Amino acid sequence: MAEVDARQSLLEALTEAALVASGGEVAAANSAARSLLGKDIDRQPVDRAISHPAALEALERPGTARGDGVELTGLGGSRRHWLMRIAELPDGALLIRFIDRSEARAAEQMRVDFVANASHELRTPLSTLIGYTETLRDQADEIDSGTRERFLSVVHDEARRMQRVVEDLISLSRIEAEKFTAPTDAIALEPLIEQALESERRAAEERGSCLIRDIPSGLPRISGDASQITQLLDNLLSNALRYGEPGTPVRVGARAEGAMVRLSVADEGEGIAAEHLARVTERFYRVDTGRSRSLGGTGLGLSIVKHIIERHRGRLQIDSQPGRGTTVIVLLPVAAELS
């Protein structure tokens, strides 16, 4: 009895899901294993408790599974990934541990997607550049001045598109490198908002949209990096104008909310469906690929916003209703008072 209690205590001390199998049954399991496999797994046959083909195959041939372990996909959920390790105990029982690799696998997938998407974002305009410049070179004597100017305009626009992508990638890399150092300067948010509004005034006029501000006097200073907050505001405003319906207003508000300042930017556009909201801050993620590219977005704006907010130890919230528009809410910490 004391040996059983000691084994159970040992299992509970492990951070990962773990169980002991003996005689083809689950002899003991910790709470994490019960949460993963079911609360009634004790004394169940191992093949019923685990019921994953790759796991059962490894258990039938345990000698082959004790090195690097066995990768399991879908156990406990379609997006879950586990590394199952098997070790033989002195009494012949098997200690089976399930190490959660879901976050690591998701991070690796994000890296793969990032490389693929970045390559695509650069390859598409690059192909256009090559095609048009080859035509201009090979058919220089046959192209009239109007066509030449049109071709050169396309070349310029595609080069600028590539430049914007590269600049955003460099900016994102720089922000990530600084994320462990929270900014401490006390900065006034209102002048930065006014500056961002003025920068977008022409774009708003071209779309027939008005920029509406709602900022009370006496807004407290925030603890931040002025250049990054300016970049955040520029990205939020340009997104709101880009995806808001032409002729509809974009509203910018700010107010104190406890120890934070609440900044909001709202548009009246198509909105974002609920299934996309959790992913819109991923690099190069697009709700509507064709529309985003035609409107000139790089697919990095909200990712940059997210990383700036994380560096400032703030919070980001995106509220959206399809057909009614999107409101992005940013909470930034109020600067500490100087003693």
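Bear in mind these aren't lab numbers, they're just calculated from the coordinates by the rules spelled out. Remember, it's a predicted structure, so these values are computed and weren't measured experimentally. Neighbour counts are summed over all protein chains in view; Cβ atoms, including those assigned to glycine, are modelled from backbone coordinates with ideal geometry.
Values computed for the structure shown
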quantity: For the chain, built as a Gaussian network whose Cα springs stay under 10 Å, the top-fluctuating residue of T230, T147, T184; calculated: T147
quantity: GluC sites (Glu not before Pro) within the range 141-199, DSSP loop, no more than 11 other Cβ atoms inside 10 Å; calculated: E142
quantity: Under-5 Å amide H pairs with M260, H placed in peptide plane, nonlocal only; calculated: V334
quantity: For V305, V154, order by how many other beta-carbon atoms lie within 10 Å, fewest first; calculated: V154, V305
quantity: Alpha carbon convex hull of the range 2-100, volume per residue in cubic angstrom; calculated: 93 Å³
quantity: Angle between the chain longest axis and helix 301-311 axis [Cα atoms, degrees, rounded to 10]; calculated: 60 degrees
quantity: Selected from S264, S22, S173 as most flexible by GNM, with the chain as the system and alpha-carbon contacts under 10 Å; calculated: S22
quantity: Karplus 3J(HN,Hα) series, Hz, for the range 32-49 with 6.51 cos²θ - 1.76 cosθ + 1.60 (x for Gly, Pro); calculated: 5, 5, 5, 5, 7, 9, x, 6, 10, 7, 4, 6, 7, x, 4, 5, 7, 5
quantity: For the range 109-168, Kirkwood radius (reciprocal of mean inverse C-alpha pair distance, Å); calculated: 12.8 Å
quantity: Neighbour-count order for D113, D225, D91, fewest beta carbons within 10 angstrom listed first; calculated: D91, D113, D225
quantity: In the range 69-122, the trypsin sites (Lys or Arg not before Pro) that fall in loop regions by DSSP, at most 14 other Cβ within 10 Å; calculated: R79
quantity: On Cα atoms only, tilt of 226-243 relative to the major axis of the chain in degrees; calculated: 80 degrees
quantity: Semi-axis lengths (Å, descending) of the ellipsoid that matches the C-alpha gyration tensor of the range 181-339; calculated: 26, 18, 14
quantity: The chain - convex hull of the alpha-carbon atoms, volume per residue in Å³; calculated: 222 Å³
